[in-house]
Each structure stands twice: as C-alpha cells, then as structure tokens.
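First comes the structure, then the notes that go with it.
The values are calculated or read from the model by the stated rules, or taken from the named source; none is laboratory data. Remember, it's a predicted structure, so these values are computed and weren't measured experimentally. So basically every Cβ, Gly included, is an ideal-geometry build from the backbone, and we count neighbours across all protein chains shown. Surface areas here come from the heavy atoms of the whole protein model, side chains and all, with no ligands, DNA or RNA. Shrake-Rupley method; radii C 1.70, N 1.55, O 1.52, S 1.80 Å.
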Amino acid sequence: MIRARDVVRPLSTTLIHSSAVLALLAAPPARADLDAGLAALDRRDYVTAVRTLVEATNTGDPRAAATLADIHERGLGVPRDHEQSLRWRQLAAEQGDAESAFRIGIRFARGDGVRRDEMAARDWYRKAATRGHPAAQLELSKLLGAAGATDADARESATWF
C-alpha cells in the first residue's frame, strides 16, 4: 500500500522551491483541508496547494490524492511526472476512489506511461467496477469477453455488461 509519506520524499526532486519542500516535510500532521488546497490550486499557488493536499491525504481523503495525481499528470507547478502521478492515483484508489482505479486501469490497458498489462488493467477495472463505476464496468466486460475468453470470463463479462 502506498502512503502519503512514501511519496512526499520524491516531491523534493521537483522544481518546488527548496524552502517550501522543507516546510512540507517538517509540517506536523494537521487536520486536512481539501477546500483550502483546491482554492490554492485555483489561485495557481502550487506550493500551498501541494502542501495542503499532502496533509489532506494523511487523513485518508482520496480526493486530495487524486488531485495530487492530476497536478503531476498535468505538470501544474511541478514537472510532469507520470510515475509520481501513478503513485498518487494508487493511493487515491486504495482510499476508495473509483475514478482513480478506473484511470489506472486505462493506463495499463493502453500502456500509457506503464508497461501494457491486460491483467493489471482487469484488476484495476474490477476495483472500480465493484465500487459502481459504470465506465469501468463496461471496460471490464469488454476485456473479459475478448476473443479466447474462458467460460468463467464470459460469464463475468455478461454480469458486468
């Protein structure tokens, strides 16, 4: 399981000002404020946004981790970093965010920034599908019903479809 503390250290390799990184690493666990992080992001105050959103992930808020994934995926105030984006996305998915699980499934299905892996895509789609994500249910159904599918896969495909 990826925890916020496992991904804070790689943030120091970004172009965020070093004093902001030191403040981020030294910050004691605080009550998360997702709204404050999103407001900072809207103001393009990326240092504050990242710091506040990291704090929010420490309280288990999957929306904060998903937003951090988006920040790294799009390069908002930090260099674009697909690996870092994937780590935050996995944290969000592990904290219950179905959209993040679905988006990881897409990455593995397409080989987008990762080695293409149909089994991993199935696993991530299944996690999102069981949380009620309609697009994940459809994609999982397609993968399970592909040519050469076993009888069990075909039955499961029909269930998700």
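Numbers for the structure displayed
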quantity: Test result for VAL47, open to solvent by less than 40 Å² (accessible area, probe 1.4 Å), on the phi < 0 side of the Ramachandran plot and touching a helix residue (DSSP H, G or I) at 6+ places or on another chain (Cβ under 8 Å); calculated: no
quantity: Looking only at segment 63-90, and only at residues there that are of a type in the set (A, V, I, L, M) and open to solvent by less than 20 Å² (accessible area, probe 1.4 Å), the one that is farthest from the chain's Cα centre (by Cα); calculated: VAL78
quantity: The listed residue being buried (at least 24 other Cβ atoms within 10 Å of the Cβ) and under 17 Å from the mean Cα position of the chain (by Cα), out of ALA109, ALA56; calculated: ALA56
